[in-house]
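**Student:** If you scroll down you'll find the structure; I have some questions about it.
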Amino acid sequence: MGSTSNKCVCDSNLICFIYLQNSGEVSSNQSKVVYVLGGPGSGKSTQCSKIAKHLGFRHLSAGDLLEAEAESGSNDGKMIREYKKEGKLVPSEIIVKLLQKAMQESQNKNFVIDGFPRNEENLSAAENILKIEPNAVLVFDCSEEEMTRRILSRNQGRVDDKIDTIKKRLNVYSESTLPVINYYSSKGKVRKIDAGRPIEEVFDEIKGVFSELNAGQDLGRKESTSN
Ligand SMILES: Nc1ncnc2c1ncn2[C@@H]1O[C@H](COP(=O)(O)OP(=O)(O)OP(=O)(O)O)[C@@H](O)[C@H]1O
Ligand SMILES: O=c1ccn([C@@H]2O[C@H](COP(=O)(O)O)[C@@H](O)[C@H]2O)c(=O)[nH]1
Ligand SMILES: [Mg+2]
């Protein structure tokens, strides 16, 4: 899985661009993609905003893209709302279409993608349709008690910030997202971040990971060559 060749095999300009940009050696002038995964309330969006502000990456939140689509009143909107209320993951084609459009429209081609891919269907679409081979996958480690506490005091009016939905989202994370993390872990791409600490401490560790990426080091390659 993943792209290893520079040969373009698709007819969409966007897909070609991402495919080529992520297919070879990582260097400081190439497009970079970092995934940020972690349980609900672990602080993904908080840290991704800081990464965008201080480290110059474009923050794409899968949850926010879906929320904007729901707000737009489109055909998919009503269905997205229902899935979100239930803490379920929408069919991949919906989120992939939104991410593809957002990436295509962005001038900045370094992306930090918040909360995607979340299950094996997403993973397959990310590799085979979006042609993304991430440079790194940050995984936020935080206790369920702390995540629940954070969500219940978040006060952003989210339809899914209710205890019953939080429990469902925690289950979806364990059952569907952990296998995705295991997959990237086997490729040496995962950096586990202790997200139970204060916001600035978490960000300090993240800055270190981005320094490595900006120095042209692909985390997967670094791990595999040190073996
Ligand atoms: N390290 C931290 N310590 C304490 N509170 C935090 C920390 N990081 C984030 N928060 C707060 O916890 C709440 C959840 O954070 P955030 O929205 O970033 O989580 P998330 O992982 O994006 O959640 P979701 O998956 O539900 O979108 C927010 O109110 C945020 O301000
Ligand atoms: O890839 C995705 C990402 C999100 N969802 C749905 O949105 C909510 C909220 O996402 P957050 O990232 O926690 O803001 C999530 O519970 C899913 O219902 C999705 O379906 N697919
Ligand atoms: Mg979030």
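The values are calculated or read from the model by the stated rules, or taken from the named source; none is laboratory data. None of these values were measured; they are calculated from a predicted model. Cβ atoms come from the backbone with ideal geometry, glycine included; neighbour counts cover every protein chain shown. Accessible surface areas use protein heavy atoms only, side chains included; no ligands, DNA or RNA. Shrake-Rupley method; radii C 1.70, N 1.55, O 1.52, S 1.80 Å.
**Student:** Round to the nearest 10 and report in Å² the accessible area of R169, as given by a 1.4 Å probe over the protein chains' heavy atoms.
**Tutor:** Rounded to the nearest 10, that gives 30 Å².
**Student:** Expected output is a single nm value to one decimal: the length gained when fully extending between N171 and M79, i.e. 0.36 nm times separation in residues minus the C-alpha distance. What is it?
**Tutor:** Value of the extension gain: 31.0 nm.
**Student:** Counting only protein heavy atoms and a 1.4 Å probe, tell me what percentage of region 127-211's accessible area is made up of carbon and sulfur.
**Tutor:** Of all accessible area on region 127-211, carbon and sulfur atoms account for 48 percent.
**Student:** Let's test the formula: R0 of 45 Å, r as the Cβ-Cβ distance of K101 and K162. What FRET efficiency results, to the nearest 0.05?
**Tutor:** 0.90
**Student:** Quick one: length gained pulling D204 to R149 fully straight, 0.36 nm per residue minus the C-alpha distance? Before the final figure, lay out each step's value.
**Tutor:** Details: separation 55, 0.36 × 55 = 19.80 nm, distance 2.30 nm.
My answer for the length gained is 17.5 nm.
**Student:** Subtracting the Cα-Cα distance from 0.36 nm times the residue separation, let me have the gained length for S186 to Q30 in nm, one decimal.
**Tutor:** Extra length from S186 to Q30 when fully extended: 53.8 nm.
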